[in-house]
Amino acid sequence: MNRVALEKVRDDKERESRDGFDGTWVAHPDLVSVAMAEFDAVLGDRPNQVDRKRDDVSTTEEQLLDFKIPGSEITEAGLRLNVSVGVRYVDAWLQGVGAAAIDNLMEDAATAEISRAQVWSWVQSGRFDEARVREEIALIEASDAAKEVFADVALSVPFKDFLTTSAYDRLP
């Protein structure tokens, strides 16, 4: 692997660990040892950095639930995209695929988690209702199992921890 690329990865993981992250993502299994070395240097024997608080940051529940972005809006197209990517990724995952090419992008479980979390948040805030989400799910070309898993994790209250744990019992 290229020395310059390794240095950039090491620098990135050092920054993340020192910024308070508890873990990270790497693009290739050969980079796991690089990332672990940087995180181990900061974490030591601790499992996380939850004790690191920033007194300069204060966020309210209202702020976390405020979806307004200046110059932007939550749209039907956004709902359609989130449902499509989420359901199709779950379909691929149930077939044993860890990263799937969807709409000319490589998508993984993290993308599907973001998709379902956005849909869940939009339903909880009243932007879309369950029936509307189910309409979109029905339009996707995917297995019934994938559609059921996505509906479960995107619509259940309370919010489910992880998409994949809801799908394990559907693996062949």
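Quick notes
- Taking chymotrypsin sites (Phe, Trp or Tyr not before Pro) across the stretch 88-172, the ones in a DSSP loop with at most 15 further Cβ atoms lying within 10 angstrom of their Cβ are 159, 162.
- Just the protein heavy atoms count here, and of the accessible area of the chain at 1.4 Å, carbon and sulfur take up 53 percent.
- The phi torsions of the stretch 162-172, fed into the Karplus equation with coefficients 6.51, -1.76 and 1.60 and a -60° offset, translate into couplings of 9, 4, 5, 5, 6, 9, 4, 6, 9, 5, x Hz, rounded to whole numbers, with Gly and Pro shown as x.
- Most fluctuating residue given options 57, 32, 133, as computed from a GNM of the chain linking Cα atoms under 10 Å: 32
- Within a Gaussian network of the chain (alpha carbon springs, distance under 10 Å), most fluctuating of 145, 35, 109: 35
- Top positive-direction residue, dipole computed over the stretch 109-163 with Cβ charges, set 123, 112, 156: 123
- Applying 1/(1 + (r/R0)^6) with R0 = 30 Å to the Cβ-Cβ distance of residue 113 and residue 8 gives a FRET efficiency near 0.70.
- For the chain, the 222 nm mean residue ellipticity estimated from helices alone, with every DSSP H stretch of n ≥ 4 adding -39500 (n - 2.57) and the total spread over all residues, rounds to -17000 deg cm²/dmol.
- Approximate shape of the stretch 49-135 as ellipsoid semi-axes (Cα gyration tensor, √5λ), whole Å, largest first: 27, 20, 12
- The residues of the chain present an accessible area of 65 Å² per residue when probed at 1.4 Å with all protein chains retained.
- Normalising the average separation of contacting C-alpha pairs (under 8 angstrom, six or more residues apart) by the number of residues puts the relative contact order of the chain at 18 percent.
- Longest exposed-site-free window of the chain, the sites being GluC sites (Glu not before Pro) in a DSSP loop that have at most 13 other C-beta atoms within 10 Å: 1-72
- Once the Cα gyration tensor of the stretch 122-172 is diagonalised, semi-axes √(5λ) in Å: 20, 15, 6
- Amide proton proximity set for residue 102, modelled H, under 5 Å, gap of 5+: 107
- Spherically averaged projected area of the stretch 1-96 from its Cα convex hull (nm²): 10.5
- Paramagnetic reach from residue 169 (point 7 Å along Cα→Cβ, amide N under 17 Å) across the stretch 70-111: 94
- In the stretch 42-83 the Cα-Cα distances spread across 5 Å bins starting at 0 as 5, 14, 11, 14, 14, 11, 13, 12, 4, 1 percent of all pairs.
- Just checking the listed ones, 37, 100, 112: in the Gaussian network model of the chain with Cα springs under 10 Å, the one fluctuating most is 37.
- Comparing the stretch 87-172 with the 2.2 N^0.38 Å rule of thumb, its C-alpha radius of gyration ratio is 1.02 (two decimals).
- P(r) weight above 10 Å for the stretch 68-107, C-alpha pairs, percent: 72
- Considering only alpha-carbon pairs that sit under 8 angstrom and 6 or more positions apart, the relative contact order computed for the stretch 108-162 is 43 percent.
- Its relative contact order, with pairs defined as Cα atoms under 8 Å and 6+ residues apart, puts the stretch 81-138 at 39 percent.
- In summary, the aspartates and glutamates within cross-link reach of residue 147, defined as a Cα separation below 12 angstrom excluding same-chain residues under 8 places away, comprise 91, 135, 136.
- Alpha-carbon Rg/Rh ratio, for the chain, with Rh computed the Kirkwood way: 1.02
The values are calculated or read from the model by the stated rules, or taken from the named source; none is laboratory data. In this text, all values refer to a predicted model and were calculated from it rather than measured experimentally. Ideal geometry is used to build each Cβ from the backbone, glycine not excepted, and the neighbour counts take in all protein chains shown. These accessible areas exclude ligands, DNA and RNA; they are computed on the full protein's heavy atoms, side chains included. Shrake-Rupley method; radii C 1.70, N 1.55, O 1.52, S 1.80 Å.
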